[in-house]
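A.B. asks: Below are the structure tokens for one structure; questions will follow.
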Amino acid sequence: MDKSAVKKISVKKLASQYTTLFTFVLMLLVLSILTQGAILKWASIKNLLIAESVRAFAALGVGMIIITWGIDLSIGYVVCLTASVAASFAQDPTFVAAMYKGQNFPLFVPILAALTIGLLFGAFNGILVAYGNIHPFIATLGSMSIARGLQLIYTKAAVVGSLKDTYKHIAQGTVGPIPNLAIFVAIAVFLIWILMAHTRLGSNYYAIGGNRQAALVSGINVKHDLVSVYAIAGLLYGCAGALLASRLGLANSLTANGMELDAIAAVTVGGVSQTGGVGTVPGMIIGVLTLGLINYGMSYLGIDSYYQQIVKGAIIIIAVYFDMRKYAKNN
């Protein structure tokens with residue numbers, strides 16, 4: 001084989017391996033030209049980080065689930081429920097319409113409540129999938145409806161607002177020029193990366209997604225690990241809910257509406273294979289930022305926000321199509 005052929009194969013292999021990164025860089029270059037460099041200014045970068053930070057938590061959670069060859073459709077309403085509960089415990093006690101009027105809860109209470117509910121919902125999903133042998137699509141579709149109903153019952157379909165300034169500062173504050181939200185995401189990314197890349201449990205997730213029967217034969221407790229991955233994802237959704245309520249300063253029945261689409265689209269673009277067993281934490285975050293750039297670009301160009309939903313749906317279909325083609329070719 002001559003050098004040109006070897007070089008061609010190497011470039012092709014490199015492009016295949018780093019498709020997600022190349023896509024992100026290409027999008028950044030195109031938008032920097034279209035916006036005359038505005039996207040590269042710190043103000044734009046800061047806004048992008050703030051806008052995509054909560055979605056990043058959801059993407060990390062569903063990304064791990066998809067690696068095990070699962071799916072989670074309950075994300076949006078679980079985040080909505082956790083945000084509403086967190087907001088209810090973070091309201092100004094003097095607010096006339098406060099859900100717990102006169103009660104001034106410590107800051108850890110709304111956060112702990114959101115994390116607990118997210119964890120319980122995640123574990124519930126995992127039990128349905130692992131021990132109930134219910135397909136993840138159906139199991140999480142059902143829990144999505146349950147979360148929706150519980151949110152409406154708990155809040156009586158009302159807006160939960162007038163949150164304390166100290167609580168709002170958690171997500172709205174900054175450390176120097178860096179938004180608090182970006183710091184929280186960085187911590188979450190680091191912890192999930194450690195879990196997925198450097199622990200036995202993370203290796204088990206990849207093994208289960210790659211070949212569940214082989215994982216079972218090799219001694220992996222598949223049911224236990226499936227419950228754990230959904231539970232960890234639920235914990236991340238709880239974080240997303242608590243931070244979203246803090247960022248918005250309120251929560252209502254429309255909070256996090258469609259977040260499951262955003263998260264699934266992001267990780268799909270980020271290289272997490274729908275066939276299971278393939279995906280990286282850095283890829284998930286690059287996928288989140290790529291979709292964020294697309295949203296920013298469409299907004300900057302004056303494209304109606306409703307069209308963004310069409311674009312996200314198309315992105316999922318295209319990304320899955322090429323993923324399936326690559327998977328078929330590799331086999």
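A.B. asks: Considering every residue within segment 188-207, establish whether at least one is closer than 30 Å to Asp92 by Cβ, in a helix (DSSP H, G or I) and touching a residue at least 12 places away in the same chain (Cβ under 8 Å).
C.D. replies: Let us first name the residues in segment 188-207 that are closer than 30 Å to Asp92 by Cβ, namely 188.
Among the residues that remain, those that are also in a helix (DSSP H, G or I) are: 188.
Pick out the ones that are also touching a residue at least 12 places away in the same chain (Cβ under 8 Å) and you get 188.
There is at least one residue in segment 188-207 that is closer than 30 Å to Asp92 by Cβ, in a helix (DSSP H, G or I) and touching a residue at least 12 places away in the same chain (Cβ under 8 Å).
A.B. asks: For segment 149-168, enumerate the residues that are over 10 Å from Leu81 (Cβ atoms), among the small types (Gly, Ala, Ser) and out of contact with any strand residue (DSSP E or B) (no Cβ under 7 Å at 6 or more places or on another chain).
C.D. replies: Those that are over 10 Å from Leu81 (Cβ atoms), among the small types (Gly, Ala, Ser) and out of contact with any strand residue (DSSP E or B) (no Cβ under 7 Å at 6 or more places or on another chain): Ala157, Ala158, Gly161.
A.B. asks: With respect to Ala215, is the statement that it is within 15 Å of Gly63 (Cα to Cα) and either without any contact (Cβ under 8 Å) to a residue 60 or more places away in the chain or loosely packed, with under 14 Cβ neighbours inside 10 Å (or both) true? If you could, list the steps in order and put the result at the bottom.
C.D. replies: On the way: within 15 Å of Gly63 (Cα to Cα): no; either without any contact (Cβ under 8 Å) to a residue 60 or more places away in the chain or loosely packed, with under 14 Cβ neighbours inside 10 Å (or both): yes.
In short, no.
A.B. asks: Evaluate the following for Gly302: is it surrounded by fewer than 19 Cβ atoms within 10 Å (Cβ to Cβ), out of contact with any Cys (no Cβ under 6 Å at 6 or more places or on another chain) and within 30 Å of Ile153 (Cα to Cα)? Outline the logic, then answer.
C.D. replies: Working: surrounded by fewer than 19 Cβ atoms within 10 Å (Cβ to Cβ): yes; out of contact with any Cys (no Cβ under 6 Å at 6 or more places or on another chain): yes; within 30 Å of Ile153 (Cα to Cα): no.
Spelling it out, it is not the case that Gly302 is surrounded by fewer than 19 Cβ atoms within 10 Å (Cβ to Cβ), out of contact with any Cys (no Cβ under 6 Å at 6 or more places or on another chain) and within 30 Å of Ile153 (Cα to Cα).
A.B. asks: Let me ask something else about it. For residues that are hydroxyl-bearing (Ser, Thr, Tyr) and assigned to a helix (DSSP H, G or I), scanning just segment 286-314, find the one that is nearest to Trp193 (Cα to Cα). I'd like the intermediate steps shown before the answer.
C.D. replies: Of segment 286-314, the ones hydroxyl-bearing (Ser, Thr, Tyr) are 290, 296, 299-300, 305-307.
Okay, now just the ones that are also assigned to a helix (DSSP H, G or I), so 290, 296, 299-300, 306-307.
Working: Thr290: 19, Tyr296: 27, Ser299: 32, Tyr300: 33, Tyr306: 34, Tyr307: 33 Å.
Of everything passing the filter in segment 286-314, Thr290 is nearest to Trp193 (Cα to Cα).
A.B. asks: A further question follows. Return the total of residues in segment 46-57 being over 17 Å from Val189 (Cβ atoms) and not polar (S, T, N, Q).
C.D. replies: If we filter segment 46-57 for residues that are over 17 Å from Val189 (Cβ atoms), which is where we start, we get 46-47.
Restricting the remaining residues to those that are not polar (S, T, N, Q) gives 46.
Of the residues in segment 46-57, 1 are over 17 Å from Val189 (Cβ atoms) and not polar (S, T, N, Q).
A.B. asks: Test Met1 against the stated conditions and say whether it is at pLDDT below 85 and either assigned to a helix (DSSP H, G or I) or out of contact with any strand residue (DSSP E or B) (no Cβ under 6 Å at 6 or more places or on another chain) (or both).
C.D. replies: Details: at pLDDT below 85: yes; either assigned to a helix (DSSP H, G or I) or out of contact with any strand residue (DSSP E or B) (no Cβ under 6 Å at 6 or more places or on another chain) (or both): yes.
The answer is yes for Met1.
A.B. asks: If a residue has to be assigned to a loop (DSSP other than H, G, I, E, B) and surrounded by fewer than 24 Cβ atoms within 10 Å (Cβ to Cβ) to count, how many in segment 233-278 make the cut? Break it down into steps so the answer makes sense when it comes.
C.D. replies: Step one: filter segment 233-278 for residues assigned to a loop (DSSP other than H, G, I, E, B), giving 249-250, 252-258, 270-278.
If we keep only those that are surrounded by fewer than 24 Cβ atoms within 10 Å (Cβ to Cβ) too, we end up with 249-250, 252-254, 257-258, 271, 273-278.
Within segment 233-278, residues that are assigned to a loop (DSSP other than H, G, I, E, B) and surrounded by fewer than 24 Cβ atoms within 10 Å (Cβ to Cβ) number 14.
Yes or no, residue by residue, for (1) surrounded by fewer than 17 Cβ atoms within 10 Å (Cβ to Cβ); (2) assigned to a helix (DSSP H, G or I); (3) in contact with a Cys (Cβ under 8 Å, 6 or more places away or on another chain); (4) not polar (S, T, N, Q):
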| site | (1), (2), (3), (4) |
| --- | --- |
| Lys46 | yes, yes, no, yes |
| Ala51 | yes, yes, no, yes |
| Gly61 | no, yes, no, yes |
| Asn125 | no, yes, no, no |
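A.B. asks: So for segment 200-211 (the condition being more than 19 Å from Ala51 (Cα to Cα), among the basic types (Lys, Arg) and over 14 Å from the mean Cα position of the chain (by Cα)), does at least one residue qualify? Reasoning before the result, please.
C.D. replies: Step one: of segment 200-211, the residues more than 19 Å from Ala51 (Cα to Cα) are 200-211.
With among the basic types (Lys, Arg) added as a condition, the list becomes 200.
Cutting the leftovers down to over 14 Å from the mean Cα position of the chain (by Cα) gives us 200.
Yes, some residue in segment 200-211 is more than 19 Å from Ala51 (Cα to Cα), among the basic types (Lys, Arg) and over 14 Å from the mean Cα position of the chain (by Cα).
Let's see how each residue does on (1) of a type outside the set (Ser, Thr, Tyr); (2) surrounded by fewer than 21 Cβ atoms within 10 Å (Cβ to Cβ):
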{"site": "Arg55", "(1), (2)": "yes, no"}
{"site": "Ile75", "(1), (2)": "yes, no"}
{"site": "Asp92", "(1), (2)": "yes, yes"}
{"site": "Thr140", "(1), (2)": "no, no"}
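A.B. asks: While we're on this one: For Ile71, indicate whether it is surrounded by 24 or more Cβ atoms within 10 Å (Cβ to Cβ), at pLDDT 90 or above and of a type outside the set (Gly, Ala, Ser). Give the derivation first.
C.D. replies: Numbers: surrounded by 24 or more Cβ atoms within 10 Å (Cβ to Cβ): no; at pLDDT 90 or above: yes; of a type outside the set (Gly, Ala, Ser): yes.
No.
A.B. asks: Still on this model: Could you tell me which residue of segment 212-232 is nearest to Ser53 (Cα to Cα), considering only residues that are of a type in the set (Val, Ile, Thr) and assigned to a helix (DSSP H, G or I)? Walk me through how you get there before you give the answer.
C.D. replies: The first filter runs over segment 212-232 and keeps only residues of a type in the set (Val, Ile, Thr), leaving 217, 220, 222, 227, 229, 232.
Narrowing further to those that are assigned to a helix (DSSP H, G or I): 217, 222, 227, 229, 232.
Working: Val217: 39, Val222: 31, Val227: 25, Val229: 21, Ile232: 18 Å.
In this case the residue turns out to be Ile232.
A.B. asks: Does segment 164-178 contain any residue that is crowded, with 17+ Cβ neighbours inside 10 Å, closer than 30 Å to Pro93 by Cα, out of contact with any helix residue (DSSP H, G or I) (no Cβ under 7 Å at 6 or more places or on another chain) and at pLDDT below 95?
C.D. replies: No.
A.B. asks: Out of the residues in segment 96-108 meeting the condition of being farther than 18 Å from Ile153 by Cβ and loosely packed, with under 15 Cβ neighbours inside 10 Å, tell me which one is nearest to the chain's Cα centre (by Cα).
C.D. replies: Phe108
A.B. asks: Suppose we filter Ile134, Ile127 for residues that are touching a Leu at 6+ places or on another chain (Cβ under 6 Å), among the β-branched types (Val, Ile, Thr) and at negative phi; which single one remains? Can you show your working first?
C.D. replies: Working: Ile127 fails: touching a Leu at 6+ places or on another chain (Cβ under 6 Å).
Of Ile134, Ile127, the one residue that is touching a Leu at 6+ places or on another chain (Cβ under 6 Å), among the β-branched types (Val, Ile, Thr) and at negative phi is Ile134.
The values are calculated or read from the model by the stated rules, or taken from the named source; none is laboratory data. For clarity, every value in this text was computed on a predicted model and none was experimentally measured. Neighbour counts run over all protein chains shown; Cβ positions are idealised from the backbone, glycine included.
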